[in-house]
Every structure is written in C-alpha cells, then in structure tokens.
C-alpha cells in the first residue's frame, strides 16, 4: 500500500465517523429528595377528663366508675398502620399493656365481676376528621393489661374474671377533648355493672364473642 492509498483510506474512515450521530449521554439520575420528618408536637399535655354522665346513662345498672388517663406514649396502635415488622407492633403492645397495669394500684381499681369500658381518644389539635374506632387495637392492649397484668400467667386475672361477653361490655370508642401539645392520649372509663350481663351483648374486646 502506498502512502497515498493509506491517506485516502484514513480520510474515508474519518468522514464516516463524522457522519454518525453523537451518542447521547444519559442524564445523571437525580438524588431523591430527603423526606422531611414531621415536626415534634412538643411536650406532653394533660387533656380535660371526659364527661362520664352520658356514658353512665347509656348503660344498664351502672355502679361505681373510674377514669384512668393512660401513661403518655409517643406510639399507639392504630388499625390504619402498617408496621415494617411484627416485632414493632409487639413492642408497642407490650408497652401499652404495662402502662395500663401500672395504674391498677395507684388508682385503687378493685376486682369487679361485671364492667363496661369506654376508651376516650384525646387527639392532637390537627384540623382533620378523626375516628376513635381506629384506635381499638390500643384499647385492647390496655384492657389486656388491666385484666391480665402478666401475659405469661394468663390464668391470674385482676380487673375481671375474664374479658369475654359474660363479664365485659365494650370497650366502646368515644372522642374526647384534644391535647394542646404532645402526641395523642387515651383515657379509659371503667364502669362497674351491678347485674349480670345478658346474652344480648355479643361484643368483646376483640369484636366478637368467643
């Protein structure tokens, strides 16, 4: 191959490369914007106690009653929640049960044969509709802590002989006054019933008679 032929081949090659469209460089992926965490609602506050008279009026043969403001926690169980792992819900439930058990002695709640329980939600002061029924899992954990203080010894009961339909009405959801600061709180209103429950009550803490 002569020098002239080599120069001609290289010229054609350079011309072919110039005719090809430039390969588009893919844009760099954008970094996902960091999700802003909600601001902390502040220090815990004590809501006004719920009005008990309307609750008593709705019950058959009410007797003594006790209002328990549950210990402050930053996490309660909600039926709309989806936890990343079952252990998270277990940890929250265990803490709620323990909190309810801790109030038995200081509030001087005796052992009862029959009772009705209302759970009163004190929501955060946020402008949106609230359904206290969504907090039924929290109420169940509290009732479990009152009836069976030690889950490892379920045969030992405190508040009631059992939390079935023969001894317990409810717990029924109620909406209470909101808290001013801090996370939502819950009160339990325990009402002694002086007469045995009838078979007409089929509701228990789990939603259906066992």
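Angle, helix 86-101 long axis vs. longest principal axis of the chain, Cα atoms, 0 to 90°, nearest 10?
Tilt of helix 86-101: around 30 degrees.
Could you give the C-alpha radius of gyration of segment 38-131 expressed as a fraction of 2.2 N^0.38 Å, taking N as the number of residues it contains?
After normalising by residue count via 2.2 N^0.38 Å, the value is 1.29.
Which value, in Å³ per residue, describes the convex hull spanned by the Cα atoms of segment 53-193?
Expressed per residue, the convex hull around the Cα atoms of segment 53-193 is 119 Å³.
Between helix 3-19 and the chain, what is the angle of the helix's C-alpha long axis to the longest principal axis, kept within 0 to 90° and rounded to the nearest 10?
The angle comes out at about 30 degrees.
Rank the residues 183, 118 as a footprinting-exposure proxy: fewest other Cβ atoms within 10 Å of their Cβ go first.
183, 118
Please check: in the Gaussian network model of the chain (C-alpha springs, under 10 Å), which one of 117, 126, 92 has the largest mean-square fluctuation.
126
So how do 65, 85, 167, 90 line up by other beta-carbon neighbours within 10 Å, fewest first?
Values: 65 16, 85 8, 167 20, 90 11.
So the ranking, lowest neighbour count to highest, is 85, 90, 65, 167.
From Cα pairs below 8 angstrom and at least 6 apart in sequence, can you work out the relative contact order of segment 90-210, rounded to a whole percent?
RCO, segment 90-210: 38 percent.
Going by how many other beta carbons lie within 10 Å of each one, how would you line up 181, 138, fewest first?
Least to most surrounded, the residues fall as 181, 138.
Each reported figure results from applying straightforward, stated rules to the coordinates on display, with no laboratory input. Computed from a predicted structure; not experimentally measured. Heads up, the Cβs are rebuilt from the backbone with ideal geometry, glycines too, and the neighbour counts pull from every protein chain shown.
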